[in-house]
Amino acid sequence: QVQLVESGGGLVQAGGSLRLSCAASGLTFSSYVMGWFRQAPGKEREILAAISWSGSSTRYVDSVKGRFTISRDNAKNTVYLQMNSLKPEDTAVYSCAAKSSPISSWSSGYEYWGQGTQVTVSS
């Protein structure tokens with residue numbers, strides 16, 4: 001079965017950096033658009049970034065543009081989220097997701113989800 005397993009979360013001070021990883025198995029990874037989402041307590045889940053099958057195209061929500069970078073290594077079946085200049089409002093559970101439809105509809109249509117990893121940014 002398909003598994004997406006996130007890692008790399010933790011506690012970091014404001015202004016710091018973290019790199020999240022999402023290891024995929026049970027699917028043809030290079031055929032899936034990958035996305036990163038987050039959900040803060042009491043808030044709805046929000047899309048942060050997405051990357052195309054080959055990695056040649058990326059999309060970002062405005063709140064993380066210039067601070068977060070999504071990338072992927074198809075040889076390792078892994079997608080990454082490099083997060084810099086972290087703010088307390090970035091505190092949330094971060095999850096990766098996979099979809100087989102094109103990146104043009106990058107904010108929806110995800111078929112598989114990971115369990116998430118907690119990121120806490122202290123002020």
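The values are calculated or read from the model by the stated rules, or taken from the named source; none is laboratory data. Predicted model, so just to flag it, every value in this text is computed and none were measured. Glycine also receives a Cβ, built like all others from the backbone with ideal geometry; neighbour counts cover every protein chain displayed. Surface areas here come from the heavy atoms of the whole protein model, side chains and all, with no ligands, DNA or RNA. Shrake-Rupley method; radii C 1.70, N 1.55, O 1.52, S 1.80 Å.
So here's what we get for this one:
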{"quantity": "Nearest-0.05 FRET efficiency for Ser54 and Ala14, computed from C-beta distance (R0 25 Å)", "calculated": "0.15"}
{"quantity": "With every protein chain in place, the chain: carbon and sulfur % of accessible area (1.4 Å)", "calculated": "46 percent"}
{"quantity": "Gain upon complete extension [Arg45, Lys65; 0.36 nm per residue less C-alpha separation]", "calculated": "5.4 nm"}
{"quantity": "In nm, spacing of pseudo-spin labels at Ser100 and Ser122 (7 Å Cα→C-beta vector)", "calculated": "4.5 nm"}
{"quantity": "Under 29 Å from the Cα of Lys76 - lysines, other chains or at least 8 residues apart", "calculated": "Lys65, Lys99"}
{"quantity": "Cβ crowding within 10 Å averaged over residues, with 48-57, 28-37, 4-13 ranked highest first", "calculated": "28-37, 48-57, 4-13"}
{"quantity": "Cα-based radius of gyration of the range 2-92 once divided by 2.2 N^0.38 Å, which approximates compact folds", "calculated": "1.07"}
{"quantity": "Computed over the range 1-90: relative contact order in percent, which uses C-alpha pairs under 8 Å that are six or more apart", "calculated": "31 percent"}
{"quantity": "Accessible surface, per residue, of the chain when the full set of protein chains is kept, probe 1.4 Å, Å²", "calculated": "50 Å²"}
